[in-house]
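Reading through the structure tokens given below for one structure.
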Amino acid sequence: LRTLETGRFVFHTLEEAHALAALAASLCDEPEIVVLGLSELLINAVEHGNLGIRFEEKSRLREEGRWEQEVMHRLSLPDYENRRARLTVTAAPDAFIFEIEDEGEGFAWERYLELAPERAFAPNGRGIALARQLAFDELCYHGCGNRVVANVKRKAS
């Protein structure tokens, strides 16, 4: 992977998202931190983007212990079974650029960039803000929110 200039990956499931996050993060100088942020964004592309699970619904499903079961169920439904998300990784001279795009309708991403007191004790809703603060040097959503670009600076060698 150290010879990578640009790579494009297509994924569909949570398992693929986790594996892809680990693979892509391994490019970075601190993969153990970057993998957390990438996992959050890739999983969001599957659950919120392609499968249309909204914040409140995910909260309820997590509290009931049925979140993963619902994700698996929706992956098999005709409306969602052919949807895919994409990760494009670009190795620029000064940064790794991770672009994630899903086939969903997007979401109001602006309210999730910062940690909000009303979500402090919710079972979900903090991942994007934490990823932005801890894992990435830059994080920008585009358009309706179904495309996000995250940058991780490379250390000078």
Exercise. Mind checking which residues of segment 1-25 are of a type outside the set (A, V, I, L, M, F, W, C) and more than 23 Å from Cys140 (Cβ to Cβ)?
Worked result: Arg2, Thr3, His12, Thr13, Glu15, Glu16, His18
Problem set entry | Selection within segment 1-42 - more than 16 Å from Val149 (Cβ to Cβ), among the polar types (S, T, N, Q) and outside any helix (DSSP H, G or I) | Thr3, Thr13, Ser26
Exercise. Is it the case that some residue within segment 69-87 is under 12 Å from the mean Cα position of the chain (by Cα), at pLDDT 95 or above and open to solvent by 10 Å² or more (accessible area, probe 1.4 Å)?
Worked result: yes
Exercise. Is segment 46-53 home to any residue that is within 30 Å of Asp29 (Cα to Cα) and modelled with pLDDT of 95 or more?
Worked result: yes
Exercise. Among Gly106, Gly127, which is open to solvent by less than 70 Å² (accessible area, probe 1.4 Å), farther than 20 Å from Leu36 by Cβ and modelled with pLDDT under 95?
Worked result: Gly106
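The values are calculated or read from the model by the stated rules, or taken from the named source; none is laboratory data. Please read these numbers as outputs of a predicted model, since none were measured by experiment. For neighbour counting, all protein chains shown are included, and Cβ atoms are generated from backbone atoms with ideal geometry for every residue, glycine included. Just so you know, the surface numbers come from the protein's heavy atoms only, side chains and all, with ligands and any DNA or RNA stripped out. Shrake-Rupley method; radii C 1.70, N 1.55, O 1.52, S 1.80 Å.
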